[in-house]
Every structure is written in C-alpha cells, then in structure tokens.
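Novice: There's a structure below that I have some questions on.
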Amino acid sequence: MILAGFEHRPGVHCGSTALADALRVHGLDLSEPMAFGLGAGLGFYYLVSDALSPTHLFCGRTLRLEETACEVLGAPARMRTEEDPARAWDAVREALHRGVAPIVSTDIAELPYWQTRTPFGGHRVVVAGYDDARGVALLADVMRPELEEVSLEVLARARTSIAPPFPLPGHPWLEVDVPPALRPVEDAVRDALRRQARDFLLDVDGIAGISALERFAAELPEWPSRAADEADRSWCFRYAYQVIEKRGTGGGNFRGLYARFLEEAEGRVPGLARLGLSGRMRALATAWTRLSAELKAISELRGGGVPPAARALARALARDERRYHEDVAALVR
C-alpha cells in the first residue's frame with residue numbers, strides 16, 4: 001500500500017477541496033474558501049446543444065481554479081497529460097512515490113460512490129494512494145468524509161470520459177509542490193481578486209464569463225420552446241437548480257463559498273473590508289438561491305413559459321455580477 005501523507009478534510013467544492021488536500025501534503029494549510037478564492041474560482045459557462053443532456057446547461061466555477069491558485073501563491077504546479085491509459089496511471093503512481101498527491105480529472109457518473117448516471121466531466125479528485133496487490137486506488141473527494149476506494153479499472157474509465165461541462169481529453173492530472181517561501185498572503189489575495197475580475201469580464205463569446213451569463217439571462221425565456229421534448233424541458237430546469245444549489249457548489253452557485261473567501265481575506269488584507277465586497281457577494285449568492293427555487297418550481301410544472309420573476313432575477317444577476325467585477329477591477333490595486 002502506497003499512501004500520500006495528508007489529512008483529507010471534506011468540503012463542498014471539488015476544486016478547492018482537492019487543491020487544499022494536495023497542498024496540505026506539503027504543510028500548507030488553506031481553508032476551502034481561501035483555496036477557492038485564490039484560484040479565482042468564480043466562473044460561468046453556458047452550453048446549448050441537442051447532443052447534451054440536458055440540452056441547456058451551465059456551470060458557475062472556472063476551469064483553472066487549481067492552476068491559478070498555485071500561480072498566485074508562487075507554488076510550482078504542472079498540468080500533465082498522457083493519451084495512453086496505462087502510462088497515465090504509471091505517471092500518477094510515480095508522483096505518489098515522490099510525495100506528491102496528484103489531482104486528476106474524472107467524470108462523476110463513472111465513480112460508483114456518487115451513485116449518479118448523469119455525466120459531469122472535469123470533476124477533480126486527489127489520488128491519495130493505491131494498492132497494486134488489490135488493484136485499487138484511494139481517492140479524496142468533495143463532501144466524502146473518508147477516502148474512497150475504487151478499482152484501477154473504474155478510475156481509468158472515469159479519467160477517460162470527456163463529458164461536459166469540462167471535457168478534458170488526455171487523462172490530465174496536476175502535480176503541485178510548494179517552495180520554501182510562498183508569496184505573502186496579502187499580495188496573493190490582491191492578485192487573485194484582480195485575476196477574478198479580469199477573467200470574468202474578458203470572454204466575449206457567450207460561452208464563458210459575463211457574456212455567457214448575459215446570454216443565459218437573455219435566452220432563459222426561450223428554454224421551453226427550444227427544448228426537444230417535455231422530459232428534456234423539465235430536466236433543463238431541474239439540472240439548473242441542482243448546479244446552483246446541490247452539485248458541490250456550497251449553495252448560491254459558488255457565490256456563497258466566494259463570499260466566505262472574501263470575509264476571510266478581509267481579516268488579512270488591510271483596507272479590503274472597506275470595499276464591502278463580501279456583503280455584495282453574499283447578496284449575489286442569495287439571488288442565485290432565489291433563482292434556483294424558481295427554476296426548480298418550473299421543472300415540476302408541465303408546459304408553460306418562464307414566469308416573470310425568474311426572468312427578472314436572471315437579468316438582475318447578469319447586471320449585478322457585471323457591476324461587481326467592474327468595480328473590483330477599478331478598486332483593487
């Protein structure tokens with residue numbers, strides 16, 4: 001049995017929980033909200049396709065959370081890929097022998113302990129160890145209080161999936177190390193805040209960032225007419241409710257988790273509390289939770305359009321999130 005030496009602490013969010021676990025191996029103890037915030041973890045991806053199930057879906061976190069957090073902390077990190085499944089596993093084993101706890105990308109539908117048939121690609125877990133004699137790997141996963149044991153065959157299948165919202169070919173995994181001296185937390189927080197605002201405002205293609213959120217708000221009234229059938233229509237709205245409140249977000253489409261980061265950062269960075277960012281983010285999280293309740297209610301009704309309350313909430317969220325990130329970009333130096 002080979003086991004990485006770290007303490008797994010369950011949390012609510014796959015990316016920040018995995019990153020915090022991987023850094024703890026090297027003696028760096030970050031809270032889950034701090035790991036999420038340093039990774040500029042807020043995002044918005046919006047996808048519409050008849051090839052998807054549901055045909056309309058979105059996700060509220062960013063793809064590069066772990067890499068960004070390592071960059072702002074000054075922690076060496078390397079994202080690696082390997083097309084051959086056997087060589088990909090051998091590389092993860094070698095990292096464990098070097099004292100590194102690799103973060104791997106998986107599809108939760110292929111991990112039996114999640115007990116779901118709904119694909120969700122890009123879910124990141126830490127490989128904590130393995131037992132060659134028994135052919136199993138030990139995974140540290142979000143919200144799981146103990147390490148989860150899965151067969152190497154199951155893990156290989158989970159790593160092969162390229163399901164949305166984050167289809168990642170090449171069996172990617174991240175190896176994180178920590179240098180003798182890290183960047184001061186105050187500097188890292190300011191850098192992370194600037195990156196968060198920049199990245200959220202940067203994309204203009206309607207797929208990621210504020211442009212995607214504005215597109216979602218504009219197209220939400222059309223969802224019933226665009227969905228292929230009644231079952232898909234209901235699933236579109238129920239899945240939207242789930243990704244806001246249930247699927248490892250901590251509630252409020254990750255905005256509640258980010259507000260906790262801001263609250264912690266305000267206690268460590270002089271002058272940050274005066275900007276009032278945590279309160280504004282709490283308000284955004286509350287608004288997302290209200291929208292999720294509207295979407296859940298729609299999913300339980302047969303036919304009909306999107307009520308005015310849901311439309312207004314979506315438009316207000318797009319407006320208020322743009323204002324928040326524009327203000328951060330102007331205020332944080």
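The values are calculated or read from the model by the stated rules, or taken from the named source; none is laboratory data. Everything numeric here is computed off the predicted structure, so don't read it as measured data. Neighbour counts are summed over all protein chains in view; Cβ atoms, including those assigned to glycine, are modelled from backbone coordinates with ideal geometry. Each accessible area value is taken on the protein alone, full model and side chains, heavy atoms only, with ligands, DNA and RNA left out. Shrake-Rupley method; radii C 1.70, N 1.55, O 1.52, S 1.80 Å.
Novice: Rounded to the nearest 10 Å², what accessible area does residue 62 have for a 1.4 Å probe in the complete protein model?
Specialist: 30 Å²
Novice: Only Lys, Arg, Asp and Glu count, each charged at its Cβ (+1, +1, -1, -1), so figure out the dipole size of the chain about its Cα centre, rounded to 20 debye. If you can, show how the numbers build up before the last one.
Specialist: Values: 41 positive and 46 negative charges, 223 e Å.
Rounded to the nearest 20 debye, it is 1080 debye.
Novice: What is the dipole size for region 167-211, taken about its Cα centre, with +1 at each Lys and Arg Cβ and -1 at each Asp and Glu Cβ, in debye to the nearest 20? Walk me through the numbers before you get to the answer.
Specialist: Details: 5 positive and 8 negative charges, 30 e Å.
Its charge dipole is roughly 140 debye.
Novice: Report P(r) for region 228-284: all Cα-Cα distances, bin width 10 Å, range 0 to the bin holding the largest distance, values in whole percent.
Specialist: Taking every Cα pair in region 228-284, the percentages come to 24, 34, 22, 13, 7, 1.
Novice: Also: Send over a whole-number figure in Å² for the accessible area per residue of the chain, probe 1.4 Å.
Specialist: Heavy-atom SASA per residue in the chain reads 41 Å².
Novice: Here's another thing I want to ask about it. Which of the listed residues, 23, 197, 116, is farthest toward the dipole's positive end in the chain, when Lys, Arg count +1 and Asp, Glu count -1 at the beta-carbon?
Specialist: Sorting the options by dipole projection puts first 197.
Novice: Between region 106-155 and region 237-258, what is the separation of their alpha carbon centroids in Å?
Specialist: For region 106-155 versus region 237-258, the Cα centre distance is 22 Å.
Novice: While we're here: Among 288, 97, 307, pick out the residue whose Cα is farthest towards the positive end of the charge dipole of the chain, where Lys and Arg carry +1 and Asp and Glu carry -1 on C-beta, about the Cα centre.
Specialist: Looking along the dipole axis, the top candidate is 307.
Novice: What shape does region 33-88 take by its C-alpha gyration tensor, where a ≥ b ≥ c are the square roots of the eigenvalues and a/c under 1.5 counts as rounded, a/b above b/c as prolate, and the rest as oblate?
Specialist: oblate
Novice: Right, something else. Please list 104-115, 78-89, 31-42 highest first by mean number of surrounding beta-carbon atoms within 10 Å per residue. Could the numbers behind the result be given before it?
Specialist: Details: 104-115: 20.2, 78-89: 14.3, 31-42: 26.0.
Highest to lowest by the protection proxy: 31-42, 104-115, 78-89.
Novice: Test of understanding: express the Cα radius of gyration of the chain as a ratio to 2.2 N^0.38 Å, with N the residue count.
Specialist: 0.99
Novice: Quick one: with all protein chains in place, what share of the accessible area of region 139-182 is carbon or sulfur, to the nearest percent (1.4 Å probe)?
Specialist: 60 percent
Novice: What is the Rg over Rh value, at two decimals, for region 279-333, using alpha-carbon atoms and the Kirkwood definition of Rh?
Specialist: Values: Rg = 14.2 Å, Rh = 12.5 Å.
Reported Rg/Rh, Kirkwood definition of Rh: 1.13.
Novice: With an 8 Å Cα cut-off and a minimum separation of 6 or more residues, compute the relative contact order for the chain in percent.
Specialist: Once normalised by length, the contact order is 21 percent.
Novice: If you rank 219, 321 by how much accessible surface each has, with a 1.4 Å probe, what is the order from largest down? Please report the intermediate quantities before stating the final value.
Specialist: Values: 219 35, 321 5 Å².
Largest to smallest exposure gives the sequence 219, 321.
Novice: Restricting to Cα pairs below 8 Å that are 6+ residues apart, what does the relative contact order work out to for region 105-252? Please round to a whole percent.
Specialist: Normalised by residue count, the contact order of region 105-252 is 15 percent.
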